[in-house]
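Chemist: Before anything else, here's the structure in question.
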Amino acid sequence: MVTNREDVLRQAGAFGHAVGGDHSIHSEGPEILYRGIKGLSRNVMTFITSLPLQQWDSALKYSRIAYEKLPIPQHFGNYLNHLVRFKDSTEVMRIFLQDSVKRDEGAWRNFLVAATQVMSPGRSDLRVIAETAKNRYPDNKDFKVLHKLVVLGKARVDEAYATAQQGNALFGQGQYAAAAALLQKASALDPLEYSYVENTGAAYFSMGDWGRALPFFDQVILQFKPGTGKSEYIKALALINLGRKAEACALLDSSISIGYPEAQKAKERWCTP
């Protein structure tokens with residue numbers, strides 16, 4: 001069993017300060033996505049809020065005529081904008097479902113942004129659409145956030161994010177137990193965000209509670225499958241400390257195959273005969 005925790009951290013290059021260097025606790029990703037989704041929401045509302053109040057009814061009427069006569073993406077988006085202002089969730093859903101197979105990526109995105117503003121979270125029909133969009137356009141991270149907003153609602157996602165940020169701050173101060181508690185709370189609020197789970201495991205790892213850290217990394221690896229190799233890597237280091245070297249080395253091989261940069265150093269340090 002490895003008993004010198006600092007030696008594992010230093011030699012394997014796992015963590016510097018906190019989780020360290022390139023491998024610091026995950027916080028930037030969700031923030032980037034949030035900035036993106038706020039921009040999308042602004043784009044949906046910009047045109048209609050610029051109109052004088054007395055023109056809203058006329059604008060809605062003529063945008064519908066344009067959509068029905070020439071249902072091209074631009075007219076779909078314009079009509080959708082006005083429906084959001086009038087909070088007409090029934091019509092928002094109708095125009096999307098009526099010919100959704102014809103919709104391009106932007107239309108799917110704008111529909112979901114509109115839906116999160118006029119429909120209650122958790123609707124089963126909307127969840128199916130959001131899941132479909134996420135799978136249909138896997139490279140567009142906007143759909144990950146939109147799926148979360150559809151399933152959980154903005155208030156809950158916001159609360160989870162704020163709670164995780166507090167946990168991240170405590171982690172940076174070395175208050176790992178308090179950080180783990182907040183990160184677990186964030187994960188309970190938003191069970192769709194893998195970074196909260198991974199960061200909880202990192203907090204337990206950093207306080208030397210190797211066994212308690214393992215289930216969180218397992219959840220990331222087996223359930224979320226983000227394909228970064230980071231959870232495999234940190235779990236391997238925890239296993240080394242628990243005297244389970246063979247399992248650890250197999251995980252490091254997996255992390256290396258995924259492309260996690262520090263895994264090779266750890267393998268050379270701990271798995272070379």
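The values are calculated or read from the model by the stated rules, or taken from the named source; none is laboratory data. On a predicted model such as this, the values are computed, not experimentally measured, just so you know. Every residue, glycine among them, receives a Cβ derived from its backbone with ideal geometry; neighbour counts consider all protein chains shown.
Chemist: Would you be able to say whether some residue in the stretch 210-228 is β-branched (Val, Ile, Thr), closer than 24 Å to Asn241 by Cα and out of contact with any helix residue (DSSP H, G or I) (no Cβ under 6 Å at 6 or more places or on another chain)?
Modeler: yes
Chemist: Here is a further query. crowded, with 20+ Cβ neighbours inside 10 Å, touching a residue at least 60 places away in the same chain (Cβ under 8 Å) and acidic (Asp, Glu): is that true of Glu193 in this structure?
Modeler: Here the answer is yes, as Glu193 does meet what is asked.
Residue-by-condition table, conditions (1) of a type in the set (Phe, Trp, Tyr); (2) buried (at least 17 other Cβ atoms within 10 Å of the Cβ); (3) out of contact with any Leu (no Cβ under 6 Å at 6 or more places or on another chain):
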site: Leu80; (1), (2), (3): no, yes, yes
site: Arg85; (1), (2), (3): no, yes, yes
site: Val92; (1), (2), (3): no, yes, no
site: Phe96; (1), (2), (3): yes, yes, yes
site: Arg109; (1), (2), (3): no, yes, yes
site: Gly122; (1), (2), (3): no, no, yes
site: Ile129; (1), (2), (3): no, yes, yes
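Chemist: Sticking with this structure for a sec: Here is a check on your reading of the model: is Leu97 hydrophobic (A, V, I, L, M, F, W, C), out of contact with any helix residue (DSSP H, G or I) (no Cβ under 6 Å at 6 or more places or on another chain) and either farther than 18 Å from Leu192 by Cβ or modelled with pLDDT of 95 or more (or both)?
Modeler: yes
Let's see how each residue does on (1) part of a helix (DSSP H, G or I); (2) touching a Phe, Trp or Tyr at 6+ places or on another chain (Cβ under 6 Å); (3) modelled with pLDDT of 95 or more:
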residue	(1), (2), (3)
Ala181	yes, no, yes
Lys185	yes, no, yes
Pro191	no, no, yes
Asn199	yes, no, yes
Phe205	yes, no, yes
Tyr233	yes, yes, yes
Ala248	yes, no, yes
Leu251	yes, no, yes
Pro261	no, no, no
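Chemist: I'm trying to understand the selection: among the residues of the stretch 222-263, which are free of Cβ contacts under 8 Å to residues at least 12 places away in the same chain and surrounded by 16 or more Cβ atoms within 10 Å (Cβ to Cβ)?
Modeler: If the condition is that a residue be free of Cβ contacts under 8 Å to residues at least 12 places away in the same chain and surrounded by 16 or more Cβ atoms within 10 Å (Cβ to Cβ), then Arg244 is the only one that fits.
Chemist: Give the stretch 139-153 a look and list any residue that's over 12 Å from the mean Cα position of the chain (by Cα) and either of a type in the set (Ser, Thr, Tyr) or within 15 Å of Ala188 (Cα to Cα) (or both), or say none.
Modeler: Val151, Leu152, Gly153 - these are the residues of the stretch 139-153 that are over 12 Å from the mean Cα position of the chain (by Cα) and either of a type in the set (Ser, Thr, Tyr) or within 15 Å of Ala188 (Cα to Cα) (or both).
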